[in-house]
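S.K.: First the structure, which I've put down as structure tokens, then a few questions once you've had a look.
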Amino acid sequence: MVLIETFFSLVLLISALLLVPLFPGLILKVKAFFTGKKGPPLLIKYYTLIKLVQKGSVYSTSSTFVFSLGPLISCTAALMALLFFPFAWLRPLFSFQGDIIVLLYFFGLGRFFTIVAALDTASPFEGMGAAREAFFAFLAEATLFAVLILFFRINGALSLGGYFAGQGLLSFDGSRGALLVLVVVGLFMVMLAENARVPVDDPATHLELTMIHEAMILDHSGPDLALIEFGAFCKLFFYAAFVASLLKPAHMILNPLLAILLFYGLVVLVYAAIGVVESVTARLKMPLVPKYLLSSFALVFFAIILTSLEFIP
């Protein structure tokens, strides 16, 4: 049974790596629908990656090996996170108590090298984007660690497998479903911020003064830029799958095939929600972004307070 579940997990990991460029195309389709346009092809991100791989990379004379190391480590960190994710609520390929903390530091490591690579170019615009990224990521991490504290109080686990493997210990129809509503909203807000989406950032912008993530990768090109883009797709998929896993009914018994269909259906729903949010909201002014992120922390912190009240006699 364990071997069969491991096989399914490996197949799902491979399928996820093949599908991660597809879902951002879905966001573009949803945004095009709201504006009454046809929009780009659904496979546009695949075409972009292929085009970038076929090109050559250009390096500034002021940059060092750190500049080329940044894209590789940031992409690898995102790939490592997917190795620990319980796709379709099956046993992940790798799991241990505390792995969720390690995963957050994987993302932090990727962000650190992206920031260092941006600073290595000696570009003032990239330095500005790196400073914004570091500050906003600091606020977003407060919400993520608050989520971990809440989950630990609920079921005593600090691993993704402990949260979602099997029948799904954390979900809306569980005993703490009302609390998870606050968590889902907070995580969705963090997901938009961590992945440079509206209302925090706009992936389609080309104005340096208003960019965050895009400002850090202005000098990257060719295969280096392809690694950054693919790593960003994997990171967005990780957050979307995390939110989708919280939406699964805990007591729904499914065979592996139905579980896979339900899992990807919920993931598509999350990506579609991103497209809707980006279609009906505008990007926030920079001074309002910290308030936005602190609002997500407040939601999760309020859920922690509610769990604390349960232990008061």
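S.K.: Could you order LYS45, LYS291, LYS55 so the one with the most accessible surface comes first? Probe is 1.4 Å.
M.R.: Values: LYS45 50, LYS291 135, LYS55 110 Å².
Solvent-accessible surface, decreasing: LYS291, LYS55, LYS45.
S.K.: Computing the accessible area with a 1.4 Å probe over protein heavy atoms, can you report the carbon and sulfur percentage for the range 57-112?
M.R.: Carbon-and-sulfur percentage of accessible area, whole number: 74.
S.K.: Any idea of ILE50's accessible area? Nearest 10 Å², probe 1.4 Å.
M.R.: Spelled out: ILE50, probe radius 1.4 Å, area about 90 Å².
S.K.: Grab every C-alpha pair in the range 202-309, bin the distances at 10 angstrom width from 0 up to the longest one, and report whole percents.
M.R.: Bin by bin from 0 Å, the calculated values are 11, 27, 35, 20, 6, 0.
S.K.: Can you tell me the 0 to 90 degree angle between the C-alpha axis of helix 65-83 and the longest principal axis of the chain, rounded to 10?
M.R.: Taking Cα atoms only, the helix is inclined about 20 degrees.
S.K.: Helix-only estimate, please: 222 nm mean residue ellipticity of the chain, summing -39500 (n - 2.57) across DSSP H runs of length 4 or more and dividing by its residues, to the nearest 500.
M.R.: Estimated from H runs of four or more residues: -23000 deg cm²/dmol.
S.K.: Can I ask one more? Helix 22-34 versus the longest principal axis of the chain: what is the Cα-based angle in degrees, 0 to 90, to the nearest 10?
M.R.: Here the helix axis deviates by roughly 80 degrees.
S.K.: Order ARG283, ARG91, ARG176, most accessible first, counting only protein heavy atoms with a 1.4 angstrom probe.
M.R.: ARG91, ARG283, ARG176
S.K.: Can you compute the modelled spin-label distance between GLU5 and ALA282, with each label point 7 Å from Cα toward Cβ, in nm?
M.R.: Here the modelled spin labels are 5.1 nm apart.
S.K.: Subtract the Cα-Cα distance of SER221 and ILE304 from 0.36 nm times their separation in residues, and report this length gain in nm to one decimal.
M.R.: Result for the pair: 25.5 nm of gain on full extension.
S.K.: Write out the chymotrypsin sites (Phe, Trp or Tyr not before Pro) in the range 95-139 meeting two conditions: DSSP loop, and at most 14 other Cβ atoms within 10 Å of their Cβ.
M.R.: PHE96
S.K.: While we're looking at this one, here's another question. Among the lysines, which have Cα under 24 Å from the Cα of LYS291 when same-chain residues fewer than 8 positions away are ignored?
M.R.: LYS235
S.K.: Using a 1.4 Å probe, what is the accessible area per residue for the range 72-124, in Å²?
M.R.: Using a 1.4 Å probe on heavy atoms only, each residue of the range 72-124 averages 40 Å².
S.K.: Continuing with the same structure: Please determine, in degrees from 0 to 90 and to the nearest 10, the orientation of helix 289-309 with respect to the longest principal axis defined by the Cα atoms of the chain, where the helix direction is its Cα long axis.
M.R.: 10 degrees
S.K.: Separate question: Would you list, by chain and number, the aspartates and glutamates whose Cα falls below 16 Å from the Cα of LYS51, excluding same-chain residues fewer than 8 positions away?
M.R.: ASP224, GLU229
S.K.: Would you kindly find the accessible area of SER279, with a 1.4 Å probe and non-protein molecules such as ligands, DNA and RNA excluded, rounding to the nearest 10 Å²?
M.R.: My reading of the accessible area for SER279 is about 40 Å².
S.K.: Turning to a different aspect of this structure: Starting with the highest mean, order 182-195, 26-39 by the number of other Cβ atoms within 10 Å, averaged over the residues of each peptide.
M.R.: 182-195, 26-39
S.K.: Relative contact order for the range 65-108 using alpha-carbon pairs under 8 Å, separation at least 6, rounded to a whole percent?
M.R.: 39 percent
S.K.: Let me know the charge dipole size of the chain about its Cα centre in debye, to the nearest 20, where only the beta-carbon of Lys, Arg (+1) and Asp, Glu (-1) is charged.
M.R.: I would put it at about 640 debye.
The values are calculated or read from the model by the stated rules, or taken from the named source; none is laboratory data. Since the structure is predicted, the reported quantities are computational estimates derived from the model, not experimental observations. Cβ coordinates were reconstructed from backbone atoms using ideal geometry, including for glycine residues, and neighbour counts include every protein chain displayed. All accessible areas refer to the heavy atoms of the entire protein, side chains included, with ligands and DNA or RNA removed. Shrake-Rupley method; radii C 1.70, N 1.55, O 1.52, S 1.80 Å.
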